Amino acid sequence: MSSLIERVKQIAAGFDDEALRSIEINPLLVEAGAIEQVAPYLKERQYAQVIVAADAITYGIAGKTLEEAIAALGISVQVTLIKPDRQGDVIADEASIVQLLLDIQQKNAQVVVAAGSGTIHDISRYAVYTAGIPFVSVPTAPSVDGFNSKGAPIIIRGEKKTIAAIGPDAIFADLDILSKAPAAMVAAGFSDMLGKYTSLFDWSFGASEGGEPYSEEVAEITRIALHKCVEHVEQIASRDQAGIRILIEALIESGLAMLLFGQSHSASGAEHHLSHYWEMEYIRLGKRQLLHGAKVGVACAEISKLYHRLAAEEAGLAFTANPEKVREAIAALPDETMIRAWLKQVGGPSTTEELGVDAELLMRSLQEAHQVRPNRYTLLRALNAI
C-alpha cells in the first residue's frame, strides 16, 4: 500500500471500513519513472482495448510515450486528443465529454488512461463514469488537487457544475515529468493548496453556523498537506524534485481527504466559488481561460481580505450566531499580505489585476459567487444573505 494512503489512514483511523476502502488506490506511485509502470499494469489486468486521453500538449509530454509502451505489449490502444474550444482552450464541457465518450463507444474501450492535468482528468472521470469503465491517472503537472477526486467540475451551457463521477483505479505520478512542468503550472498547484486556508475556515464556519457535516480528521489531513507546502515553498518554487514530490503528494492527500469524506468541503470554499464565477464570466465573454489554481490563490487572498475586514469592524460579524468564535477563527487565518507574498514567492499571480479580473467583476463575484454552490454554507454566503 502507498505510504500516502497509510499516512491518511493513520489520521482517519476512526472511520469505518467502507470509508477507508474508498481511498484505496492501487498502485499509487509517486516516483521518478512511474510512467514506465503504466503499460505493465494494464497488461497485468488483462485490458485489451485502451484509450489514452490527452490534449495536443500533454500528448507530447506523456501520451505518445504511453501509446507506444502500451502498443509494444500487444494491447490495442487509441489516443483521443481532446479538441480546444474557439478560444484555443481545452475545457471540461459537454463537447469534450461527448468526444471522449464517442471514442470509448466506438473502440469498446475497457479503460481510459488520463494523461494530463486537471481538465483532462475531469473530462475522463465523467466520461468513464457514464460509460461504466475505470480510468488510470497519469498527471503531467502538479497543478490541482483533483487527480483522485470523485467530483467532476463540468461546464454545462456556460455554467460550472460539480457532478459526481469516479476516482482513478491507479495513479502514476512521474517525478521526472512533473519536475519539468511549466513554472506557471507548479505555481497553480501551490496556489490551489493555499486555497485550503479559506476552504477549511469556511468548512468549520459552515459546520458551526449552518449545520454542515464535518470531520476534524479530514480537516487535519488537509491542514497537514497545506502546511507542508507552505513550509517548503522555496523548494517548490525552485521546482527541484524534492519540492515537486512534496507538492504532488500534498495535492493527492487533499484529494484523498475528499474521497474519505465523500464531499469536497475540505478543499473548496468561497475561494473556489470566486474562481468558478470568474471562469464562467470568461467563457461568456469568449476570453482565454486562466489556470484554475492561479485563480484560486488570488481568490483566497481576496476572501481573506474580506473576512479580516469583517472581523475588524465592530458590527462586521453581527449576522453570525457566534461572532467572537468566528472572529477568533479569522484571526488564525493568514491575512491577504501573507497569502500574496507566498503567491509571489512561488511565481504565480497574486492580484486580480495580474489575472485580468477587473474591479467590477471582483465586486460582482463577492456578491454573487456563493450561488455557484448554493448548498455550501460559507461566510461569504451568510454575508450575502443579510
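The values are calculated or read from the model by the stated rules, or taken from the named source; none is laboratory data. These numbers come from a predicted model, not from an experiment. We place every Cβ from the backbone using ideal geometry, glycine too, and count neighbours over all the protein chains shown. Accessible surface is based on the protein model in full, side chains and every heavy atom, while ligands, DNA and RNA are left aside. Shrake-Rupley method; radii C 1.70, N 1.55, O 1.52, S 1.80 Å.
Looking at (1) touching a residue at least 40 places away in the same chain (Cβ under 8 Å); (2) touching a strand residue (DSSP E or B) at 6+ places or on another chain (Cβ under 8 Å); (3) outside any strand (DSSP E or B), which is the one condition that is false for A53? Failed condition: (3). Among residues that are open to solvent by 50 Å² or more (accessible area, probe 1.4 Å), free of Cβ contacts under 8 Å to residues at least 40 places away in the same chain, of a type in the set (V, I, T) and not in a strand (DSSP E or B), V90 is not included.
Suppose the filter is assigned to a helix (DSSP H, G or I), of a type outside the set (K, R) and touching an Asp or Glu at 6+ places or on another chain (Cβ under 9 Å); does A382 pass it? For A382, the condition - assigned to a helix (DSSP H, G or I), of a type outside the set (K, R) and touching an Asp or Glu at 6+ places or on another chain (Cβ under 9 Å) - is met.
Filtering G132, G116, G158 for residues that are of a type in the set (G, A, S), in contact (Cβ under 8 Å) with a residue 12 or more places away in the chain and open to solvent by 10 Å² or more (accessible area, probe 1.4 Å) leaves a single hit, G158. Restricting attention to region 22-55 and to residues that are within 15 Å of P168 (Cβ to Cβ) and open to solvent by 60 Å² or more (accessible area, probe 1.4 Å), the residue that is farthest from the chain's Cα centre (by Cα) turns out to be R45.
Do you know which residues across region 249-281 are aromatic (F, W, Y) and either in contact with a His (Cβ under 8 Å, 6 or more places away or on another chain) or open to solvent by less than 10 Å² (accessible area, probe 1.4 Å) (or both)? Scanning region 249-281 gives a single hit, W278. Scanning region 292-315 finds no residues that are surrounded by fewer than 22 Cβ atoms within 10 Å (Cβ to Cβ), of a type in the set (F, W, Y) and in a helix (DSSP H, G or I).
The test for being part of a loop (DSSP other than H, G, I, E, B), more than 20 Å from I154 (Cα to Cα), modelled with pLDDT under 95 and not aromatic (F, W, Y) does not hold for A257. Among the numbered conditions (1) in contact (Cβ under 8 Å) with a residue 24 or more places away in the chain; (2) open to solvent by less than 20 Å² (accessible area, probe 1.4 Å); (3) over 22 Å from L226 (Cβ atoms), the only one that H370 does not meet is (2).
Before we move on, is E336 touching a helix residue (DSSP H, G or I) at 6+ places or on another chain (Cβ under 8 Å), closer than 30 Å to A181 by Cβ and not hydrophobic (A, V, I, L, M, F, W, C)? Considered against the rule, which asks whether it is touching a helix residue (DSSP H, G or I) at 6+ places or on another chain (Cβ under 8 Å), closer than 30 Å to A181 by Cβ and not hydrophobic (A, V, I, L, M, F, W, C), E336 comes out as yes.
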